[in-house]
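Asks: Quick one: the structure is below, and I'll ask about it shortly.
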């Protein structure tokens, strides 16, 4: 009680009503994506049980070609050649290979067709819900379009992850006085379990599990971004610390960088030695297309950053 009266106990971060709405939408969208992955796994198990050998020929079971073939199968088409014609002409697998992989469809039990049809209907419904949530989130975050763009420029991040970050920490991260404070709240920093001068563990605190998951995913992607500073860090530390601890270091760097981009309003500037102009332009064009698909007004491609981070 005395510590509370002396203001020595920091209060928990309780976001305002608007930010809580952002969180609800982004977390609901993540939950739907998890449901989509589970549905894809069930569809894959069903396909294996029915002896439809598409995995060796089609890399994405829910891609355009595979979905057209499965939809035709669900609609009652059992001729393997007729099903193979549903595939896109750019697919690497040849028609005779697809026909052979779909040979079991001739004697397929109608129950399997009905189960495939149910799975495809569920998949279509989930995709529609995710698309609707995308538009809802884009509309709510339209006043913070500049923050979304600045975060999306960071290697390992994108428009979707930028929206999730803003939903968790706020548009300017004003609640957190320093980058270290944000990293501690997220749980993206080493712990300090010490007793009697003996350090027992440096395990990271739990923190915000949604943002920790996002930072770990972004760190894995940033470590693979050719020529970036994060790839240099990964190659420097992984021989000594291993993959998991190195990803933790990169996630910590990303967390501090996010605070700086939001709190100070600067843009990201790549400090790596060999990011090619072509790959940079390709990534910028992809991000601009994604922003425009959500209704944001992007006049021209992203040019040189105004201020280094």
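The values are calculated or read from the model by the stated rules, or taken from the named source; none is laboratory data. Everything numeric in this text was worked out from a predicted model, so none of it was measured. Neighbour counts run over all protein chains shown; Cβ positions are idealised from the backbone, glycine included.
Asks: Of the residues in the stretch 222-232, how many are part of a helix (DSSP H, G or I) and either outside the structural domain of residue 284 (by TED's automatic domain parsing) or surrounded by fewer than 16 Cβ atoms within 10 Å (Cβ to Cβ) (or both)? Lay out the reasoning, then the answer.
Replies: First pass over the stretch 222-232, keeping only residues part of a helix (DSSP H, G or I): 222-223, 229-232.
Within this subset, residues satisfying the condition of being either outside the structural domain of residue 284 (by TED's automatic domain parsing) or surrounded by fewer than 16 Cβ atoms within 10 Å (Cβ to Cβ) (or both) are 232.
Number of matching residues: 1.
Asks: Given the residues 61, 70, which is the only one that is touching a helix residue (DSSP H, G or I) at 6+ places or on another chain (Cβ under 7 Å), modelled with pLDDT of 85 or more and assigned by TED's automatic domain parsing to the domain that holds residue 124?
Replies: After applying the criteria, what remains is 70.
Asks: Would you kindly identify the helices (runs of 4 or more DSSP H) lying entirely within the stretch 60-115 that contain at least 3 residues that are under 31 Å from the mean Cα position of the chain (by Cα)? I'd like the intermediate steps shown before the answer.
Replies: Working: elements: 64-74, 80-84, 95-101.
The helices (runs of 4 or more DSSP H) meeting that bar are 64-74.
Asks: Sticking with this structure for a sec: Taking the stretch 36-49 only, how many residues are within 29 Å of residue 170 (Cα to Cα) and surrounded by 15 or more Cβ atoms within 10 Å (Cβ to Cβ)? Lay out the reasoning, then the answer.
Replies: Our first condition is that a residue be within 29 Å of residue 170 (Cα to Cα); within the stretch 36-49, this holds for 36-37.
Of the ones still in play, those that are also surrounded by 15 or more Cβ atoms within 10 Å (Cβ to Cβ) are 36.
Result for the stretch 36-49: 1.
Asks: Ok, one more. Could you list, in sequence order, the residues of the stretch 267-296 that are modelled with pLDDT under 75 and outside any helix (DSSP H, G or I)?
Replies: 271, 272, 273, 274, 275, 276, listed by residue number.
Asks: Kindly check whether there is at least one residue in the stretch 50-61 that is closer than 30 Å to residue 141 by Cβ, without any contact (Cβ under 8 Å) to a residue 12 or more places away in the chain and surrounded by fewer than 15 Cβ atoms within 10 Å (Cβ to Cβ). Spell out how you get there, then give the answer.
Replies: Our first condition is that a residue be closer than 30 Å to residue 141 by Cβ; within the stretch 50-61, this holds for 60.
Then keep just the ones that are without any contact (Cβ under 8 Å) to a residue 12 or more places away in the chain; that gives 60.
Those still in the list that are surrounded by fewer than 15 Cβ atoms within 10 Å (Cβ to Cβ) too: 60.
The answer is yes; a qualifying residue exists.
Asks: Condition first: modelled with pLDDT under 85 and under 22 Å from residue 129 (Cα atoms). Can you find one or more residues in the stretch 34-56 that meet it?
Replies: no
Asks: A further question follows. For residues that are within 19 Å of residue 226 (Cα to Cα) and touching a helix residue (DSSP H, G or I) at 6+ places or on another chain (Cβ under 7 Å), scanning just the stretch 133-160, find the one that is surrounded by the most Cβ atoms within 10 Å (Cβ to Cβ).
Replies: Keep residues of the stretch 133-160 that are within 19 Å of residue 226 (Cα to Cα), which gives 151-158.
Next, only the ones that are touching a helix residue (DSSP H, G or I) at 6+ places or on another chain (Cβ under 7 Å) stay: 151-152, 154-158.
Details: 151: 23, 152: 24, 154: 24, 155: 24, 156: 21, 157: 26, 158: 20.
Step by step, filter the stretch 133-160, then rank; the result is 157.
Asks: Oh, and also: I need a count of the residues in the stretch 111-132 that are free of Cβ contacts under 8 Å to residues at least 40 places away in the same chain and either crowded, with 16+ Cβ neighbours inside 10 Å or more than 20 Å from residue 39 (Cα to Cα) (or both).
Replies: Restricting attention to the stretch 111-132, the residues satisfying the condition of being free of Cβ contacts under 8 Å to residues at least 40 places away in the same chain are 111, 118, 121, 124-125, 128, 131-132.
If we keep only those that are either crowded, with 16+ Cβ neighbours inside 10 Å or more than 20 Å from residue 39 (Cα to Cα) (or both) too, we end up with none.
Going through the stretch 111-132 one residue at a time, the tally reaches 0.
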